[in-house]
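The values are calculated or read from the model by the stated rules, or taken from the named source; none is laboratory data. Keep in mind that what you see is a predicted model, and the values were worked out from it rather than measured. Virtual Cβ from ideal backbone geometry, glycine too; neighbours counted across all protein chains shown.
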Amino acid sequence: MENIRLGGWFLPSLDEAVRLPVHEIEEDLRAAVASEGARVLLKAPTGSGKSTAVPGMLRDAGLEGRILVIEPRRMAARMLAGWVARQRGGTVGAEVGYAVRFDSRYGRETKVIYLTDGLFQRWLQDDPELSGVSAVVFDEFHERRLAVDVALGRCLDLQESARPDLRVVVMSATLETGGLAKFLEPAVLLEAGGRTFPVEISYRASKPVRDRSGRMAEAPVWEQVAAACREALTDPDCGDVLCFLPGTHEIRRTVELLENAGWARERQVFPLYSGLPPAAQEAAVGPCRRGKIIVSTNVAETSLTIDGVRTVIDAGLARVSGFDPRRGISTLLVQKISRAAADQRAGRAGRTAAGRCIRLWSESEHARREGFEVPEVRRVDLSEVVLLLLACGVEDVAEFRWLETPSKEGLERALGLLHDLGATDAEGNITEEGKAMAALPLEPRFARLMMAGVEQGCVSEMAFVCAAVQGEGIWASRKGGGGEFVRKDDFTDFQAEWRGFDAAAGMNFDPRRVSQFGVRGRGSRELAQGFERLLNLASKRGWPTEAVDFSARREAVGHAMLAGFSDRLGVKVGEATLACRLVGKRKGKLDDQSAAKRSAAFVAAEITEVEGREVVTYLKRATAVELAWLREIFPEDFKEVDGAAWDESRRRVVARRELRFRDLVLESKDSDQGVNLDAAAEELARRVLGGELVLKKWDAAVEQWCARLACLSEWMPEMEMPCWGDDDKAAAVAQICHGATSYKEIKDAAVWPVLKEWLSVPQRAVLDSYAPERLDLVNGRSAKVTYEYGKDPWIGLRVRDLFGVWETPTIAGGKVPVLVHVQAPNQRAWQMTKDLESFWRSGYSQMRKDLAGRYPKHPWPEDPRGEK
């Protein structure tokens, strides 16, 4: 029988016993899961066999129900199921099966099911008690996926309520397990070893090269990888080569370079990423008669072992999804991987023999990288998870059993979006519409779009929009496109996209043919698959679907798009610009070819950030909408506001009446009549405080009064003097400006009348007594005191004027010593001290020695205190 590879090790035959490193703890594992409600934390390195062997161990331990193995990736779930099924002498779908999105192979008799974390979330929604399941195994937990964090919390809650018999096993390769162990308490901790060979690590930091324009720049990552690959192939023991790149674009460019390189002709080149068809994925990881080069994303970091790999080339990058809750913008950015992820990648080269890893960065940079990846709960949109938790009865998601509590801002943003989508009411409780959205295997926004398509009679159009937005795009140019597919009377950018897609479908998505029209064959084919799946979903639910016709259903499409994207409503700043304002006080730039650029308002289905000399937020895939539709769908979100605004040209405040949708101003009208004087005072004061306008009579004496009051309030709180902070200053300036509407009226306004009224007569006396403007000294002289908040008050006098002042003066009832600037005859400070006694004892003689010759007319007694 043909040898196969399992978890990094050769299996001589499926009929022979196989010993993997994880088998060392088999008896301990059996004992740990013997009791109902067991919790096990297993730490084992990649290559120990935990992903393939542990589920079988649990099955052989006598657990009667199903064993669910939760994987972070579809490819791993499918392939692991196949390997384990063969190992146990069966076929996929019998004893061992898998379930991933849009693809599953298992039956009633299947006892071990590998499934993705996202699908497991849906299983929990459909069957919260996990009927017929005896154990849930969380594999590769160190990746800290949001869906896994939440699913683990729900399983622990389930153990403590309806399913005390459920077993939970958490497996991790690199995670620091201390905090996780505490979260799982009471839990049995097990640790298995691994069998890996040494891997030689070398670093190849990229050097700038001259680009086509003659400027020095870093070489593209695909060129760096190809160069490292060429170097690796000079080693006769390099084995198969596994290259890690951040995404499909970089993979395609790398594959193209390698396939056209003469030095790589003896090798077969395989791409590997999650979007590939299963057959192509299996070809990349399966046996090959020729030596091979696999060019992969981070899907090859964990779970999967690729036989024959002895060289790894790591670009050190990954495409990481993120979300800015403040601006409501999702991001997919190329970022540097952590040291733990780099170790995982390097370990792929040492499974069967000593290997080599070439890292395309410097060793010093490696030391500065993060130790572990940032958990998804801290960086992704939480709206789907929050909706599912609400749907399963969690009333306060902030109090859910989080392994790591998400940020308050992230939760608030998620709840805000769900409210905008109609999934929750004003109190944050889930609505019937929200429950229906949670039942769909879609993100909340797309679930709402599909439901709006049903309500408005445009299911097919919304299915296309959902598929298009979730895909990589069909246009060959990254800037977008459309070209000849754009029509002047289009109201949405999806019309051109549909025409381009429809044309590509007519050419059977042939890349060579469709590229002539600026369309990507691969992107169009992927869109077709997503579109078909959504149409099948609609069919299963009995939703009516018709041929796509955006023009015929313009109003229906506009209503549906508003239902799904009301939080991305935008208006242009002016007719001659593409700059726009959006709901949420965000700004962006509309695509210059957008069908919505002549509309009064629009919704943007895609918001992306591009970082160049400055960060620009681009608004794409826009759909024009009418304000009447907004009023019809969201009547409670409209309001008219009377306020004040600044007219820069006339430097005055005007009355402004605004029509707002939530916080977005749709229309405004200015007038000089009826200006709210309180609002005008606040606007003028804000500009004074910002330095834009100047009150001429707010001089140094006023600043000293402010500092005196602020200092005394801190020094002597028992006096209960009013504080003087930024808010107090703003209130005082607003009071000075009250009654005025223009800068002309305030620039010469009196200041002291307002400040004098700030304090009562007794308080003024306290201020003058304990924080005086001038300080009377014991020698009969008077000195001006300078106050600065947060610093020592100080006086400055020539040394002869300090004769007789042998001790440091104080203010604030003796609490605060005054810093004395002892000045030379030219009135420049020679020494600053809060210890005059020490100065007269030792400092004065040095000063006399240094300056007496330069200033002979100044009195320089040998001992001014009259002491010998």
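General remarks:
- Region 429-461, residues that are out of contact with any helix residue (DSSP H, G or I) (no Cβ under 6 Å at 6 or more places or on another chain) and assigned to a loop (DSSP other than H, G, I, E, B): N429, T431, A439, L442
- Each residue in region 51-61 was checked for being touching an Asp or Glu at 6+ places or on another chain (Cβ under 7 Å) and buried (at least 23 other Cβ atoms within 10 Å of the Cβ), and 1 pass.
- Reported count of residues in region 35-53, each being out of contact with any Lys or Arg (no Cβ under 8 Å at 6 or more places or on another chain) and within 19 Å of A181 (Cα to Cα), is 5.
- Condition met for S649 (more than 30 Å from I746 (Cβ to Cβ) and in a loop (DSSP other than H, G, I, E, B)): no
- Per-region count, region 786-802, residues buried (at least 18 other Cβ atoms within 10 Å of the Cβ) and part of a loop (DSSP other than H, G, I, E, B): 2
- In region 730-784, the residues that are hydroxyl-bearing (S, T, Y) and in contact with an Asp or Glu (Cβ under 7 Å, 6 or more places away or on another chain): S782
- Residue in region 726-745 that is without any contact (Cβ under 8 Å) to a residue 60 or more places away in the chain, among the small types (G, A, S), in contact with a Lys or Arg (Cβ under 8 Å, 6 or more places away or on another chain) and not in a helix (DSSP H, G or I) present: no
- Of all residues in region 87-95, one or more are assigned to a strand (DSSP E or B), not hydroxyl-bearing (S, T, Y) and not assigned by TED's automatic domain parsing to the domain that holds L535.
- Taking region 409-427 as the range and being small (G, A, S) and crowded, with 16+ Cβ neighbours inside 10 Å as the test, the residues that pass are G410, A414, G416, G422, A423.
- Taking every residue in region 668-685 that is crowded, with 16+ Cβ neighbours inside 10 Å and pairing it with any residue that is assigned to a helix (DSSP H, G or I) and modelled with pLDDT under 90, at least 6 positions away or on another chain, yields no pair with a Cβ-Cβ distance below 7 Å.
- The residue that is modelled with the lowest pLDDT, among those in region 289-307 that are more than 32 Å from the chain's Cα centre (by Cα) and crowded, with 20+ Cβ neighbours inside 10 Å, is I306.
- Looking at V766, V778, just one residue is in contact with a helix residue (DSSP H, G or I) (Cβ under 7 Å, 6 or more places away or on another chain) and either part of a loop (DSSP other than H, G, I, E, B) or under 24 Å from E703 (Cα atoms) (or both), and that residue is V766.
- Screening D502 against (1) out of contact with any strand residue (DSSP E or B) (no Cβ under 7 Å at 6 or more places or on another chain); (2) farther than 28 Å from R541 by Cβ leaves a single unmet condition, (2).
Quick grid of which residues meet (1) crowded, with 20+ Cβ neighbours inside 10 Å; (2) over 13 Å from T297 (Cα atoms); (3) more than 20 Å from the chain's Cα centre (by Cα):
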site: R310; (1), (2), (3): yes, yes, yes
site: D314; (1), (2), (3): yes, no, yes
site: I329; (1), (2), (3): no, yes, no
site: A341; (1), (2), (3): yes, no, no
site: R348; (1), (2), (3): yes, yes, yes
site: C357; (1), (2), (3): yes, yes, yes
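- When residues of region 34-46 are limited to those that are buried (at least 23 other Cβ atoms within 10 Å of the Cβ) and in a loop (DSSP other than H, G, I, E, B), the one modelled with the lowest pLDDT: T46
- Near pairs, Cβ below 6 angstrom, 6+ apart or cross-chain, from region 153-174 (touching a residue at least 40 places away in the same chain (Cβ under 8 Å) and closer than 22 Å to T46 by Cβ) to any residue that is aromatic (F, W, Y) and surrounded by 17 or more Cβ atoms within 10 Å (Cβ to Cβ): V170/F138; V170/F141; S172/F141
- Single match in D307, D343, D324 (criterion: farther than 16 Å from I251 by Cα, acidic (D, E) and out of contact with any strand residue (DSSP E or B) (no Cβ under 9 Å at 6 or more places or on another chain)): D343
- Scope region 805-827; condition surrounded by fewer than 18 Cβ atoms within 10 Å (Cβ to Cβ), touching a residue at least 60 places away in the same chain (Cβ under 8 Å) and either part of a strand (DSSP E or B) or over 53 Å from the mean Cα position of the chain (by Cα) (or both); matching residues: G813
- Residues (of a type outside the set (F, W, Y) and either buried (at least 19 other Cβ atoms within 10 Å of the Cβ) or part of a helix (DSSP H, G or I) (or both)) located in region 707-722: A707, R708, L709, A710, C711, L712, S713, E714, P717, E718, M719, M721
- Of all residues assigned to region 417-433, at least one qualifies as being out of contact with any Leu (no Cβ under 8 Å at 6 or more places or on another chain), hydrophobic (A, V, I, L, M, F, W, C), free of Cβ contacts under 8 Å to residues at least 24 places away in the same chain and not assigned by TED's automatic domain parsing to the domain that holds R554.
- Checking every residue in region 373-389 against the condition of being assigned by TED's automatic domain parsing to the domain that holds T234 and within 17 Å of F244 (Cβ to Cβ) gives at least one match.
- Some residue of region 72-86 being out of contact with any helix residue (DSSP H, G or I) (no Cβ under 6 Å at 6 or more places or on another chain), over 27 Å from V374 (Cβ atoms) and part of a loop (DSSP other than H, G, I, E, B): no
- Residue check for D235: touching a residue at least 40 places away in the same chain (Cβ under 8 Å) and over 34 Å from the mean Cα position of the chain (by Cα): yes
- Options R154, R122, R163; residue that is at pLDDT below 95 and of a type outside the set (S, T, Y): R122
- Count of residues meeting criterion [among the hydroxyl-bearing types (S, T, Y) and part of a helix (DSSP H, G or I)] in region 225-268: 2
- None of E682, E703, E692 is closer than 30 Å to V816 by Cα and outside the structural domain of G813 (by TED's automatic domain parsing) except E703.
- Some residue of region 468-488 being closer than 21 Å to S515 by Cβ, under 27 Å from the mean Cα position of the chain (by Cα) and assigned to a helix (DSSP H, G or I): yes
- Taking the criterion of being free of Cβ contacts under 8 Å to residues at least 40 places away in the same chain and assigned to a strand (DSSP E or B), the residues of region 189-224 that qualify are P208, V209, R210, M216, A217, E218.
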